[in-house]
Structure formats: structure tokens, C-alpha cells
Amino acid sequence: MEKVKATTVLGILHNGQLAVGADGQATMGNTVAKSNVKKIRVLADGKIVAGFAGSTADAFTLIERFEQKLAAYSNSMKRAAIELAKDWRTDRYLQKLEAMIIVASKNEILIITGTGDVLEPDNHVAAIGSGSMYAQSAALALKKHAPHLTAEQIVRESLTIAADICIYTNHNFVIETIE
């Protein structure tokens with residue numbers, strides 16, 4: 001899987017709840033360009049949440065294409081994800097895009113990459129970006145050892161831990177939930 005850096009996006013399904021969150025930092029090289037970028041989008045009339053890591057313009061293009069696929073496949077998230085991944089891997093224009101996407105509904109969570117991967121992560125925890133392993137580790141530990149927490153609480157605490165460690169992740173979080 002390709003390495004997309006300079007952000008942290010985390011999605012979790014926990015106790016019948018979905019939460020997807022991201023930090024707000026955008027960097028240009030080793031400089032913070034903006035501190036409050038919204039990397040989370042609510043799609044399909046509030047039934048699907050998408051989060052992106054990578055080039056902002058590229059990610060917006062991919063989310064727009066994903067929305068088109070959702071419309072073409074009656075809001076079937078998995079089918080739309082597979083079709084987007086196929087296009088992303090084979091279309092010369094899309095191949096140049098540098099981003100990764102997490103898409104999630106109340107029943108499933110997927111990671112879509114430019115190499116044609118549509119991954120359904122173990123334990124219903126998906127993370128992308130430079131701080132992804134910190135956030136994912138924290139989320140897995142919290143799911144196991146603090147099961148009383150809500151999905152949103154787990155995402156917020158896990159992103160906080162990632163932001164404390166990863167220089168490309170800040171503490172300006174946007175978190176969207178679906179019950």
C-alpha cells in the first residue's frame with residue numbers, strides 16, 4: 001500500500017456507532033500551510049462518511065468520483081468503492097492522484113487506495129496518513145480496554161495521541177458520527 005503522509009484520519013465502528021475523524025493540518029514540505037482543513041465529508045444523505053489523506057485537490061477529485069459511483073450503484077458503498085478503485089488503478093488521469101480514502105457506513109468501513117485496493121480492516125478500525133499507526137494502535141487499545149467509550153470518544157482520544165506524537169498531525173479535529 002502506498003504511503004500517504006502529512007495527516008491522520010481514523011474511522012471506527014464500535015458498539016453500533018460509526019465515527020470518522022481527522023486532524024486539520026495541511027503542510028507544504030515542512031511548513032504548516034493551513035491548520036483547519038476539513039478532511040471529512042458526509043455523503044449519501046448522511047449515510048456514508050468519507051475521510052481523506054494526501055493531496056487535497058486529488059482527494060476532492062476522488063471523493064467526487066466516489067459520489068458519482070454511489071449514485072450509479074444505488075448508494076452501495078462497497079460496490080462504489082470497488083468501481084472507484086478499478087478506475088483509479090486503470091485511468092491515466094486518476095493514476096497520478098496521490099491520496100487515500102476511508103469510507104464508512106453504519107455497517108462497514110473501507111480503505112480505498114490508488115493501487116486498486118479496497119480493504120476492510122480487522123477490528124473495524126481504519127487509519128490512514130502519517131499518524132495512522134499511532135491512532136490505530138490507540139483505537140485498538142481503547143476498544144479492548146475501555147469498551148464503555150463511544151466511537152466518537154475513541155476517535156477523539158486516538159487522534160489526540162497521534163497529534164501528540166506525529167509532527168504532521170495537529171489537534172484541530174473534525175469528527176463525524178453515524179448512530
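What follows draws every value from the coordinates through simple rules; no lab data is involved. All figures in this text were calculated on a predicted structure; none of them were measured in a lab. Cβ: placed from backbone, ideal geometry, glycine included. Neighbour counts: every protein chain shown.
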### Summary
Interchain or sequence-distant (5+) residues whose placed amide H lies within less than 5 Å of the amide H of THR7 are SER130, GLY131
### Task
Between LYS143, LYS39, LYS96, find the one with the highest GNM mean-square fluctuation for the chain; connect C-alpha pairs within less than 10 Å.
LYS96
### Task
Sticking with the crude label model, points 7 Å out along Cα→Cβ, report the distance from GLN95 to LEU149 in nm, one decimal please.
4.2
### Message
Can you give me the long-range amide H partners of THR27? Hydrogens built in the peptide plane at 1.01 Å from N, cutoff under 5 Å, separation of 5 or more residues or another chain.
### Response
ALA33
### Message
Using the Cα centre of the stretch 8-178 as origin and beta-carbon charges of +1 (Lys, Arg) and -1 (Asp, Glu), tell me which of LEU10, ALA57, LEU84 is placed farthest towards the positive end of the dipole.
### Response
LEU84
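All other residues with a Cβ under 13 Å from the Cβ of LEU142 taken together, and with Lys, Arg as +1 and Asp, Glu as -1, what is their net charge?
On the way: positive: LYS143, LYS144, ARG156; negative: GLU152, GLU157.
Net charge around LEU142: +1.
What is the packing order of peptides 26-35, 169-178, taking the mean over residues of other C-beta atoms within 10 Å and listing the highest first?
Numbers: 26-35: 11.7, 169-178: 19.3.
My ranking of the peptides, most packed first, is 169-178, 26-35.
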## Note on the structure
If one builds a Gaussian network model of the chain from Cα atoms under 10 Å apart, the most fluctuating residue listed among ALA139, ALA126, ALA44 is ALA44
### Task
Taking the dipole about the Cα centre of the chain, with the C-beta of Lys and Arg at +1 and of Asp and Glu at -1, give me whichever of THR160, ASN170, THR150 is farthest to the positive side.
ASN170
### Message
If you average the alpha carbon positions of the stretch 39-96 and of the stretch 116-140, how far apart do those two centres end up, in angstrom?
### Response
18
### Query
Using modelled amide H (1.01 Å from N, peptide plane; none on Pro or chain starts), what sits under 5 Å from the amide H of LEU43, excluding residues fewer than 5 places away?
ILE48, VAL49, ALA50
### Query
About its Cα centre, what dipole magnitude does the stretch 39-103 give when the only charges are +1 on Lys and Arg Cβ and -1 on Asp and Glu Cβ, stated in debye to the nearest 20?
160
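Say R0 is 22 Å: what FRET efficiency, to the nearest 0.05, do THR61 and SER35 get from their beta-carbon distance? Before the final figure, lay out the partial values.
On the way: r = 23 Å, r/R0 = 1.05.
The pair THR61/SER35 has a calculated efficiency of 0.45.
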### Highest-fluctuation residue, ILE112, ILE165, ILE102 considered, GNM on the chain with Cα pairs under 10 Å
ILE165
### Residue-wise HN-Hα coupling along the stretch 170-179, computed from phi with Karplus coefficients 6.51, -1.76, 1.60 (Hz; x: Gly, Pro)
10, 9, 8, 8, 10, 10, 10, 10, 9, 7
### Query
If you plug each phi of the stretch 48-59 into the Karplus form 6.51 cos²θ - 1.76 cosθ + 1.60 with θ = phi - 60°, what whole-Hz ³J(HN,Hα) values come out, in order, with x for Gly and Pro?
9, 10, 10, x, 10, 10, x, 4, 4, 4, 5, 5
### Hz values of 3J(HN,Hα) by residue in the stretch 126-143 - Karplus curve (6.51, -1.76, 1.60), Gly and Pro given as x
10, 9, 9, x, 5, x, 4, 6, 5, 5, 5, 4, 5, 5, 5, 5, 5, 4
